[in-house]
Amino acid sequence: AGDLDLACERFSEAYSLLFDHASLLSLINMKLKLGEAELAAATYAKMLDAGGHLLNAGESRRLVEKLDEARSLHARARSILCAPQAALLNSAADREKSHRRLVDKAKGCCAQKEWDEAERLFLEAWPLTFRVTTLISAANMMIHGSGPQLRLAISIYSALLRNASPRLGRSPLSADEEAIVQRKLAEAKAAICRDARSEHAVRRLQAVQRG
């Protein structure tokens with residue numbers, strides 16, 4: 001997990017010395033890889049507004065693409081974190097029963113390593129009771145995926161640690177839950193780093209093959 005964090009530190013140091021948009025862009029790209037979509041989207045938009053005339057066509061196009069990526073991730077995370085109450089007209093007991101049924105099915109999928117289906121079931125169960133353990137379980141399923149799913153998981157773990165949702169105030173993290181989230185966050189960041197190293201290795205191999 002330290003690779004990307006270290007990269008952020010280095011790009012931050014470079015930007016503080018050079019104040020060039022290339023260093024800033026590299027820094028924000030690293031932040032986006034670490035799931036900080038809201039910060040990344042705001043910075044990309046500001047760079048386009050403030051420095052659009054200084055960018056060439058290729059740079060502007062890449063910035064727009066990264067802005068769309070950051071906004072999409074932020075919207076996805078918020079749609080989960082701020083989901084409306086499900087089965088609003090049902091009684092609390094009925095919602096609890098439905099929640100338990102979905103969670104049991106999700107756990108069965110976990111036993112079969114059907115991570116995508118387990119994630120779907122946990123996310124369906126979450127807005128029934130807004131039980132924080134259900135949201136943690138959903139994020140845990142995401143880290144079995146790659147790129148976008150890993151970044152979404154990191155966004156959710158980070159929001160849980162910041163208590164950054166009106167839904168989370170109903171059931172704040174216990175000390176044990178916080179420890180689990182910290183550990184899973186580190187796992188997700190490590191997986192992001194492995195993906196990045198693999199992509200870099202593939203690009204180098206392709207460059208060698210091209211001569």
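The values are calculated or read from the model by the stated rules, or taken from the named source; none is laboratory data. The structure displayed is predicted, hence computed values, not measured ones. As a convention, Cβ positions derive from the backbone with ideal geometry for all residues, glycine included, and neighbour counts pool all protein chains shown. Note: accessible area is taken over every heavy atom of the protein model, side chains too, but ligands, DNA and RNA are not part of it. Shrake-Rupley method; radii C 1.70, N 1.55, O 1.52, S 1.80 Å.
Quick notes on this one:
- The condition (being modelled with pLDDT of 85 or more, in contact with a helix residue (DSSP H, G or I) (Cβ under 6 Å, 6 or more places away or on another chain), surrounded by 12 or more Cβ atoms within 10 Å (Cβ to Cβ) and under 28 Å from Q149 (Cα atoms)) is satisfied by just one residue among A70, A7, A42: A70.
- Pairs linking a residue in the range 171-194 that is closer than 16 Å to A153 by Cα and assigned to a helix (DSSP H, G or I) to a residue that is open to solvent by 50 Å² or more (accessible area, probe 1.4 Å) and among the charged types (D, E, K, R), with Cβ atoms under 8 Å and 6 or more positions apart or on different chains, are K189/D5; I192/K33; C193/D3.
- Residues that are of a type in the set (G, A, S) and in contact with a Phe, Trp or Tyr (Cβ under 8 Å, 6 or more places away or on another chain) were ranked within the range 124-180; the one that is nearest to A92 (Cα to Cα) is S171.
- Of the numbered criteria (1) modelled with pLDDT of 95 or more; (2) open to solvent by less than 70 Å² (accessible area, probe 1.4 Å), the one L32 fails is (1).
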